[in-house]
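The values are calculated or read from the model by the stated rules, or taken from the named source; none is laboratory data. Source: prediction; values computed, not measured. With ideal geometry, Cβ positions are generated from the backbone for all residues, glycine too; neighbour counts draw on all protein chains shown.
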Amino acid sequence: MQQPLWGIDLGGTKIEGAIIPSLDNPDPVVRIRVNTESDLGYQHILKQIAVLVEEMKNKSGNSPLTIGIGTPGALEPSTGLMKNCNSTALIGKPFKRDIEALFQIPVTLANDANCFALAENHWGVVKQQFPQARVVFGIIMGTGVGGGIVIDGKVWNGHHGIGGEWGHNFLDESGGKCYCGRTGCVETIISGPALEKYYQEQNGSKLKLHDIYIAAQSGKDTTALQTMDRLCHFFGKAVSVVTNILDPDVIVVGGGVGNIDLIYQKGVKSLQQFIFNPIVTVPVLKPAMGDSAGVFGAAALVA
Ligand SMILES: [Zn+2]
C-alpha cells in the first residue's frame, strides 16, 4: 500500500499538519493546527511540533515513515543549520537534525516559497491549466519576496539551498537598504511594505497597499498611480532576470501583492520590455491553492 504523505507547515504564528493520501488524492485525512508561540524560543517550537505530530498520529491511527516540512528560510547544506529565516528563533539551529532525532525518521525540508510552488504544480493552477508544464517558477510577493523552482515535479534547491531566491537579487538603488545588508534588493521595491513606504514618502500619508490600489483605480490619486506603475515596471524588470535564465513554462504569483490584477496586465507588458525575446508567452498566473499551499506543498515534498 502507498504511504500517505505527511506534511507540516511551520509558520510564524501557526504550525499546520496534514496527512494526504497521495498525489492523485489530495483530500486530507487529517488536518490540524497548533500555535507556534515562537516568542517562547526554539525548544518550544520543537515541542509544539511534537504535540502536533502526536495528535496527527492519534487521529489517523498511523505513524509516519517520513515527513515533509515547510519552513521560513532555508537549510545551509554544508552545515545543516538554518539561515535566512524571518522566524529568527530558527536561525543557526540544526532544525532538520533535531526533528529527525525527535521522531527517529528522515524528514525533508523546504522553504515556504518552494512548498507554494510545489503545491500549485501538483494540485493548483498549474495542474489545472498547464499539466504539461515541466519548469514552474513560484513567486511569493507579500511582506517579503521569495521564490521557488519546481522541475519535473521536484523542488530545485540548488547548491546552497537558495535556488529561486530572487527576492534579494539587485533591482534598483532607489529601494534603499535591505534587512539582508545589501541595497536595492527586489524586496525593497516590490514587497507590500516597500510599496507602502514609497507611497508615504511621495505624499506623506500612510495607506495599506490594497487601499493604494483602490485609490489608483479612481484615477485621481496620482501618487497611487505612480506606486502602481512602480510595481508593474519593476515586477517586469525583476521577473525578466529570472526568465532569461530559467525560461519557465509557467510563473505563479502568490502573496498579498499578487492579488493586484495590474501585475497580470501592465506587469506582464513590462516583462515584455526586459525579456530577451520578441514576445512573452509564458503564462503568469494567480494561484489556486490559497492558504492550503503551505501544508500541501510540505506533504508533496515526500511524494
Ligand atoms: Zn535583501
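Identify the residue in the range 168-204 that is within 10 Å of the ligand (Cβ to nearest atom), touching a Ser or Thr at 6+ places or on another chain (Cβ under 6 Å) and not in a loop (DSSP other than H, G, I, E, B) and, among all such residues, is nearest to Ala215 (Cα to Cα).
Gly175
So for the range 88-100 (the condition being among the charged types (D, E, K, R), crowded, with 17+ Cβ neighbours inside 10 Å and within 16 Å of the ligand (Cβ to nearest atom)), does at least one residue qualify?
no
Restricting to the range 147-167, give me the number of residues that are surrounded by 21 or more Cβ atoms within 10 Å (Cβ to Cβ), of a type outside the set (Gly, Ala, Ser) and either within 11 Å of the ligand (Cβ to nearest atom) or not in a strand (DSSP E or B) (or both).
2
Would you point out the residue of the range 256-303, among those that are modelled with pLDDT of 95 or more and hydroxyl-bearing (Ser, Thr, Tyr), that is surrounded by the most Cβ atoms within 10 Å (Cβ to Cβ)?
Here the answer is Ser270.
For Gln132, work out the one condition from (1) over 16 Å from Asn84 (Cβ atoms); (2) more than 16 Å from the ligand (Cβ to nearest atom); (3) not in a loop (DSSP other than H, G, I, E, B) it doesn't fulfil.
Only one criterion is unmet by Gln132, namely (3).
When Phe276 is evaluated against the numbered criteria (1) within 20 Å of Phe130 (Cα to Cα); (2) touching a helix residue (DSSP H, G or I) at 6+ places or on another chain (Cβ under 9 Å), which criterion, by number, is the only one it fails?
Here Phe276 clears every test but (1).
Being exposed (fewer than 15 other Cβ atoms within 10 Å of the Cβ) and within 20 Å of the chain's Cα centre (by Cα) narrows it down to one residue among Thr13, Thr79, Thr71; which is it?
Thr13
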